[in-house]
1. Sort 65-73, 161-169, 245-253 by the packing proxy (mean of other Cβ within 10 Å over each peptide's residues), most packed first.
2. What does the helix-only formula give at 222 nm for the chain: each DSSP H stretch with n ≥ 4 adding -39500 (n - 2.57), the total divided by the residues, and the result rounded to the nearest 500 deg cm²/dmol?
3. As I understand it, the value is the acute angle between the Cα axis of helix 114-157 and the longest principal axis of the Cα atoms of the chain; what does it come to in degrees, rounded to 10?
4. Can you give the accessible area per residue of the chain, in Å², using a 1.4 Å probe?
5. Would you please classify the overall shape of region 18-140 from the alpha carbon gyration tensor, given that a ≥ b ≥ c denote the square roots of the eigenvalues, rounded means a/c under 1.5, and beyond that prolate means a/b larger than b/c while oblate covers the rest?
6. Distance in nm between label sites at Ala255 and Glu192, each 7 Å beyond Cα in the beta-carbon direction?
7. Rounded if a/c is under 1.5, else prolate if a/b beats b/c, else oblate: with a ≥ b ≥ c from the C-alpha gyration tensor eigenvalues square-rooted, which is the chain?
8. Can you send over the carbon and sulfur percentage of the accessible area for the chain, probe radius 1.4 Å, protein chains only?
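The values are calculated or read from the model by the stated rules, or taken from the named source; none is laboratory data. Keep in mind the model is a prediction, meaning the values are calculated, not measured. Using ideal geometry, Cβ is built from the backbone for each residue, glycine included, and neighbour counts are taken over all protein chains shown. Heavy atoms of the whole protein, side chains included, go into the accessibility calculation; ligands, DNA and RNA do not. Shrake-Rupley method; radii C 1.70, N 1.55, O 1.52, S 1.80 Å.
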Amino acid sequence: MILSPQGKRPQSLWTEAAPGRVYALDQTLLPHETRVLAFERLDQVAEAIRAMRVRGAPLIGVGAAFGLALALRADAAAAAEETAARELLATRPTAINLAWAIARVRAALAGAPTGERAARAWAEAQRILTDEIAVCSAIGDHGLALVETLWRARRERDPSAESLHVLTHCNAGWLATGAWGTALAPVYKAREAGIPIHVWVDETRPRGQGASLTAWELGAAGVPHTLITDTMSGHVLQRGKADVCFVGSDRTTAAGDV
């Protein structure tokens, strides 16, 4: 498990105490190799996002924010900012968090003197990372309340039950976010709260994010889990072997459809 210098929670992207360098795990090598990438330039960040070394909607946004900040350290001119923003947006055009984070950093630069632009961009990128961690922790807290209710209900139905069973798909854990994760945050919170929990992990074709990333995450955290093929998930649900399904969502309607 990788722990960031800033805290005890595992993170897949972190920074030095002083502005200048960004670090991230190369997710294309997991679970067989754990390699830390060091970014000092815009092109390095852009390549990592394009190649899915840095992946997961929230993490793409955080990475892009720091990529823009690194670009402004090299050239703080408005024209350079525009060029850097276009380069980052082209890496994953459909990624909503990417465009959102770039827009947020650029808004923070409005009216700033040239000499302050790089520092202001870095500070905003750091705030985006901090906010992302706080949001994921809050998701985990809300999800924990649901897990506690489900666990009580399961024990009432079956006093001999040893675990609450969760089904998940793809990867929506701390690898894809600042820390904690989105869909997996309640799992980690439940684990820390002492609730026995087991996770069914879909392999998630065609890239295998469940098999290569989620299973690795859960194993590193000591969370019992079982890797299954995608086609087995229907069987798991049909047989009542999953108490709840937690997945990440790029789009959620007001009615709750994902």
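1. Numbers: 65-73: 26.2, 161-169: 19.1, 245-253: 13.2.
The densest-packed peptide leads the list: 65-73, 161-169, 245-253.
2. Result for the chain: -15000 deg cm²/dmol, rounded to the nearest 500.
3. 10 degrees
4. 47 Å²
5. prolate
6. 3.6 nm
7. Numbers: a/c = 2.24, a/b = 2.12, b/c = 1.06.
Cα axes put the chain in the prolate bin.
8. Solvent-exposed carbon and sulfur of the chain make up 54 percent of the total.
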